[in-house]
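Enquirer: Submitted below is the structure of interest, expressed as structure tokens.
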Amino acid sequence: MYDTAQSAADRTSVIFFCLLCFFIYYSNLRSSLPCFSHIYKDCPIYLNHNRSAIRSNQPARSFCRRILCTWLNGCLKSEKRRGKRWCKLQNLRPVQEKKGETIYHLLSDGIRKRIQTCRLDPEKLQEIRLRIRQPVFIRYAGKEYVLSENGSLTNQTQPGYRVCENDIRETLSYISGYSLYAFNEELKQGFFTVAGGHRIGIAGKAVAENGQLTGIRYISFINIRIAHQIPGCADEIMPYIINGNEVQNTLIISPPGAGKTTILRDMIRQVSDGTGRMSGKNVGVVDERSEIAGCWQGVPQNDVGMRTDVLDCCTKADGMMMLLRSMTPQVIAVDEIGNRADEAALACVFHSGCRLFATIHGTSVQEIRKKRLLEEIFDAHMFDRFVVLQNHSDSRIREILDCNGDLLYQTAKDPKELP
């Protein structure tokens, strides 16, 4: 007797299998869908019928192929067939990634595989630069290298892997989740902040309307700056900026790349959480370029303390006034001051009785005093402490001075004399 129920089930299975085959064929035309291999290392992720993660050494180039592998994992009962033809079972335990490694999965396949071959220490990785038709430059442990074709770091005089148009396009797709148009505000600012607090700068053809920048087209240059936290890096500074249960108004003077934002972040964390010598303070942070807190979807990716409020992607002048009016901070922190609007806002904060942490580009107090934009800041004695940094791996802090220019702390002048 003909079993109609079994016949219907057979037809359903055939139709389902045909649809999967069609989608697999269609996916060959659109093979740019992201491979969600960033959750586990080196290989894609599938789910079996028990919804447990399986790592497979069979590469999957599209979403539809992953669906097919998922279905077969639940349907195939033969361990031999499953191991040889589709999904060889391996360790089911996820691999814990370091913070710096998460940035690899935003890179195109060609670049990512070569960087992973290098086996770099994520804690020493500082910057990855992509320029169209140029080598991939990597700043690692304070030095600049070129990524070679075979996946190694070489000096910059040797030829390396050349960035092509597809590398730029694929990287942008991963960064924006295949919705670059939805990041119009980020395009105006020229940078993205991604999970982990990493900042990705972009450059290309600027688009302007009525004299105002509205976006960037033909993006051909990408600069990935890896966020690093160094808890305790401000320990040398803290005794000089704490006065009883209060903190001193402090200006950090630093050349580019000397770590001023890293030290400012740790100062904020320690003041917010409190130390053995001082109770915690309410700190307001104006994070104009998302470098201090590294907010992603409103959540700080860096530890800036339990009593810290962050105003992200806001100009320093407007942000200081907003925090002063709405959050009643005891300390306000900003990064890289340098124009008249910043100066006026700093004066308002200073006269309100709120304490200040700020940074500025420079090499010495004498150099900063010569800048006309900062004359009023020095004349009003807004800052009680000046912390001068240097580009040296052994000791970032060169000297600490008081408001009168008297030396409070100084490292050895000759780097060889440093311990």
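Enquirer: Dividing the Cα convex hull volume of the stretch 120-253 by residue count, how many Å³ per residue is that?
Expert: Per residue, the Cα convex hull of the stretch 120-253 comes to 187 Å³.
Enquirer: In whole Hz and in residue order, list the ³J(HN,Hα) couplings for the stretch 233-238 that follow from phi through the Karplus curve 6.51 cos²θ - 1.76 cosθ + 1.60, θ = phi - 60°; x for Gly and Pro.
Expert: 5, 9, 4, 5, 7, 3
Enquirer: To continue, here is another question. Work out how much length residue 372 to residue 230 would gain on full extension: take 0.36 nm times their residue separation and subtract the Cα-Cα distance, in nm to one decimal.
Expert: Additional length available on full extension: 47.7 nm.
Enquirer: Compute the distance from the alpha-carbon center of the stretch 133-168 to that of the stretch 332-360, in whole Å.
Expert: 40 Å
Enquirer: Expressed as cubic angstrom per residue, what is the convex hull volume of the alpha carbon set of the stretch 243-339?
Expert: Hull volume over Cα atoms, normalised by residue count, gives 103 Å³.
Enquirer: Tell me which of 264, 278, 364 sits at the most positive position along the dipole axis of the stretch 214-373, charges placed on C-beta atoms (Lys, Arg +1; Asp, Glu -1).
Expert: 364
Enquirer: Computed FRET efficiency, Cβ-Cβ of residue 141 and residue 341, R0 41 Å: what is it to the nearest 0.05?
Expert: Once the sixth-power term is evaluated, E becomes 0.60.
Enquirer: Kirkwood Rh, Cα Rg: Rg to Rh for the stretch 97-147?
Expert: Using Cα coordinates only, the ratio equals 0.92.
Enquirer: Would you mind checking the pairs 260/281; 205/260; 124/188 and listing those with alpha carbons more than 28 angstrom apart?
Expert: Cα-Cα > 28 Å for 205/260; 124/188; rest within.
Enquirer: Let me ask you something else. Go ahead and run the numbers for FRET between residue 379 and residue 275, Cβ-Cβ distance against an R0 of 22 Å, rounding to 0.05.
Expert: E between residue 379 and residue 275, to the nearest 0.05, is 0.10.
Enquirer: Taking 0.36 nm per intervening residue step and subtracting the Cα-Cα distance, what contour gain separates residue 149 from residue 134 on full extension?
Expert: Extending this stretch completely gives an extra 4.1 nm.
Enquirer: Along the Cα→Cβ direction, 7 angstrom out, place labels at residue 212 and residue 158. What is the inter-label distance in nm?
Expert: 5.1 nm
Taken together, the values in this text are just the output of simple stated rules run on the coordinates, not laboratory data. Values in this document were obtained by computation on a predicted structure and should not be read as measured data. Methodologically, a virtual Cβ is constructed for each residue, glycine included, from the backbone with ideal geometry; neighbour enumeration extends over all protein chains shown.
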